[in-house]
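Student: Before I ask anything, here is the structure I am working with.
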Amino acid sequence: MGFFKLYKPKKYDYRYIYYDPKKEAQKEREKRMAQGTENADSEFKTSIHRGSFRENLETNKNVRRFQSRQSNIRLIIILFVLLALLYYFLK
């Protein structure tokens with residue numbers, strides 16, 4: 001059966017050049033937990049608790065109100081300056 005030599009494609013060996021520090025840290029934590037040198041609760045503590053989404057919603061609403069108010073004040077000042085310049089040039 002060796003009359004013809006069939007073509008065999010070369011194996012594609014891609015080396016990753018992207019470095020993801022979060023993924024590396026996660027792998028390191030998983031490795032430490034698998035060895036048993038670390039408690040599951042020692043490094044990660046969640047900040048989510050009952051009602052935290054409503055609290056964040058209220059704080060974000062206040063921030064949006066403040067930013068909207070500041071934007072409106074800037075708009076009024078710019079309009080006042082433009083009207084003053086228009087009056088000066090037309091006079």
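Please treat every number below as a calculation from the coordinates, not as lab data. Everything quoted here is computed from the prediction, not taken from an experiment. Every residue, glycine as well, gets a Cβ built from its backbone with ideal geometry; the counts of neighbours run over all protein chains shown.
Student: Could you please rank Lys61, Lys22, placing first whichever residue has the fewest other Cβ atoms within 10 Å of its Cβ?
Tutor: Values: Lys61 10, Lys22 7.
So the ranking, lowest neighbour count to highest, is Lys22, Lys61.
Student: Let me ask something else about it. Which entry is the computed volume of the Cα convex hull per residue in Å³ for this structure: (i) 83; (ii) 128; (iii) 369?
Tutor: Recomputing volume of the Cα convex hull per residue in Å³ here gives the entry labelled (iii).
Student: A further question follows. Counting only GluC sites (Glu not before Pro) that sit in a DSSP loop (anything but H, G, I, E, B) with at most 15 other Cβ atoms within 10 Å, what is the longest stretch of the chain containing none of them?
Tutor: Details: sites that count: Glu38, Glu43.
In the chain, the maximal stretch lacking such sites is 44-91.
Student: Sticking with this one: Longest segment of the chain with no chymotrypsin sites (Phe, Trp or Tyr not before Pro) in a DSSP loop having at most 14 other Cβ atoms within 10 Å? Could the numbers behind the result be given before it?
Tutor: Numbers: sites that count: Phe3, Phe4, Tyr7, Tyr12, Tyr14, Tyr16, Tyr18, Tyr19, Phe44.
Formally, the longest exposed-site-free interval is 45-91.
Student: Pro21: net charge of surrounding residues, Cβ under 11 Å, Lys/Arg +1, Asp/Glu -1, itself excluded?
Tutor: Working: positive: Lys22, Lys23, Lys27; negative: Asp20, Glu24, Glu28.
Its environment carries a net charge of 0.
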